[in-house]
Amino acid sequence: LPIFSGLFVLLSKIVDSLLDDHLATTLVAIGSIAGLMYIALRNVRLVVIGMVPNLLPIFVLLGGMAWLGISINMGVAMIAAVSIGLSVDSSLHYLWAVVYQGQESGSSDESRGVDWAQQQIGTALTYSTIALVVGFVSLTTSQFVPTIYFGGLVSAAMLGGLFGNVILLPALLALRVESKGQT
């Protein structure tokens, strides 16, 4: 039997390995980020609330790709872990502002913390995410197809994360405050 070797065989094996490890890498990223968020916030409910706006855009994006028949290549395989890592930064800033404002005011009225975070942190999150999107969109000018996919899809996921962090996250926090008031 012939033994195939060379750069293209090596590259093929690397891509196959990356695709095989895609799910495991994403799950490790989600678990690690959730664990670190728990260490920072010390509240499981806030961690779950904070993960929703970051995971939802990834699931929508990957589901849309599957529905459109877009195959996973090297660039696509990395978007979930990278996008979650970048987007969760915004959530953590927002959640920390809510917790900090609640501690500073000394009141149990978390709705003021949500209002304050939306006014103070929301603008900064928007600008920082737009800066990241512009940086990743520049990758779409590449000649290498996986880089084009990576840049475009991470940009789309980041915009989804921005929507989640500026609209969905405050709504989920408001529901949490409302449910606390009813109990």
Quiz item: Sorted by accessible area (1.4 Å probe), largest first, how do F144, F4, F150, F163 line up?
Solution: F4, F163, F144, F150
Quiz prompt | Accessible-area order (highest first, 1.4 angstrom probe) of the listed residues W116, W96 | solution = W96, W116
Self-check item: From the coordinates shown, P(r) over Cα pairs in 10 Å bins from 0, in percent corresponds to which of (1) 10, 43, 39, 8, 0; (2) 9, 36, 32, 17, 5, 1; (3) 9, 32, 30, 17, 8, 3, 1, 0
Solution: (3)
Exercise. Give the calculated FRET efficiency between I130 and I72 to the nearest 0.05, with a Förster radius of 35 Å applied to their Cβ-Cβ distance.
Key: 0.80
Exercise. Taking 7 Å along the Cα-to-C-beta vector as the label spot, tell me the Q143-M65 distance in nanometres, rounded to one decimal.
Key: 2.4 nm
Self-check item: Per residue, in Å², the accessible surface of the chain once ligands and nucleic acids are set aside, probe 1.4 Å
Solution: 58 Å²
Self-check item: Heavy atoms of V137 accessible to a 1.4 Å probe, total area in Å² rounded to 10
Solution: 70 Å²
Practice problem: Could you calculate the contour length gain from K13 to A171, that is, 0.36 nm times the residue separation minus the distance between their Cα atoms, to one decimal place in nm? | Solution: 52.4 nm
Exercise. Please give, to one decimal in nm, the separation of the simple spin-label points placed at L1 and I39, each 7 Å out from Cα toward the Cβ.
Key: 4.5 nm
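The values are calculated or read from the model by the stated rules, or taken from the named source; none is laboratory data. Note that this is a predicted model, so its numbers are computed, not measured. Neighbour counts are summed over all protein chains in view; Cβ atoms, including those assigned to glycine, are modelled from backbone coordinates with ideal geometry. Areas reflect the complete protein model, heavy atoms only, side chains present, ligands, DNA and RNA absent. Shrake-Rupley method; radii C 1.70, N 1.55, O 1.52, S 1.80 Å.
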